[in-house]
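Heads up, the thing below is written out as structure tokens.
Where a number appears in this text, it was derived from the coordinates with a stated rule and is not lab data. A quick note: this is a predicted structure, and the numbers were derived from the prediction, not measured. Methodologically, a virtual Cβ is constructed for each residue, glycine included, from the backbone with ideal geometry; neighbour enumeration extends over all protein chains shown.
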Amino acid sequence: MIDLLENPELLRSPNLRLEELAIRGVPYGCAAREFPVELVSQVTLVPIVASSTWSQELGETYQDAAGRNLSLSEVVSSALQLGGVLHFAESVSFKFENGHVTGFALYGASLNFFGHIESHAQFVKEFGVADVVQTKGAYGDLMGYEHYYRQCQKFVEWNEMGKKIVVINFGMRRHDLGVA
């Protein structure tokens, strides 16, 4: 198993096999019963959560549709069973569907290894030409590029304004991206 946090240079490869990858020791396909729930710092996209808030004093708090506060352990348990995204403090996350990890992402500080990349052209030189590239724009301004690599189901977003990679996501299917 290749841990991408221990081998960040491999994130450039378009030829990785999902079944051989792990992040922070958690392999692609990991079953819920084997997932290290003690490392979870935040949860998103969980059906049981109707709203959430964040404050410096309390951190993330979660509420159900009736306004009842939910504990982090309740939210994690729901995500493991019904689906959702579990985040670790190291700026990595794990998508759960049907009781298994079906994708993972690196963002924020976990991408510092690529801080030397200063342009989209340099990004393409280091990561290779993607199978699908879409531009992102707002009000006529170029905001960035979304790159999809079919073989490893990898999605990489380049932010043109910040001149950096903002996310590398594995396990993305083309229909998840909204492209044909």
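Before moving on, here are some points about what is shown:
- Rounded to the nearest 20, the Cβ-based charge dipole of the chain about its Cα centre (Lys and Arg +1, Asp and Glu -1) stands at 400 debye.
- Alpha-carbon Rg/Rh ratio, for segment 107-177, with Rh computed the Kirkwood way: 0.95
- Rounded tilt (10° steps) of 72-82 against the dominant C-alpha axis of the chain: 70 degrees
- The peptide list 79-90, 5-16, put in order of mean Cβ contacts within 10 Å with the highest first, becomes 79-90, 5-16.
- Applying the Karplus relation 6.51 cos²θ - 1.76 cosθ + 1.60 with θ = phi - 60° to segment 111-123 yields 3J(HN,Hα) values of 9, 4, 4, 9, x, 6, 6, 10, 8, 4, 4, 5, 4 Hz, where x marks Gly and Pro.
- Sum of side-chain charges, E9 neighbourhood, beta-carbon under 15 Å (Lys, Arg +1; Asp, Glu -1): 0
- With all projection directions averaged, the alpha carbon convex hull of segment 5-159 covers 11.1 nm².
- Of the peptides 49-55, 152-158, the order by per-residue mean of other Cβ atoms within 10 Å, starting with the highest, comes out as 152-158, 49-55.
- Between the residues L70, A32, S119, the greatest Cα displacement towards the positive end of the dipole of the chain, with unit charges on the Cβ of Lys, Arg, Asp and Glu, is found for S119.
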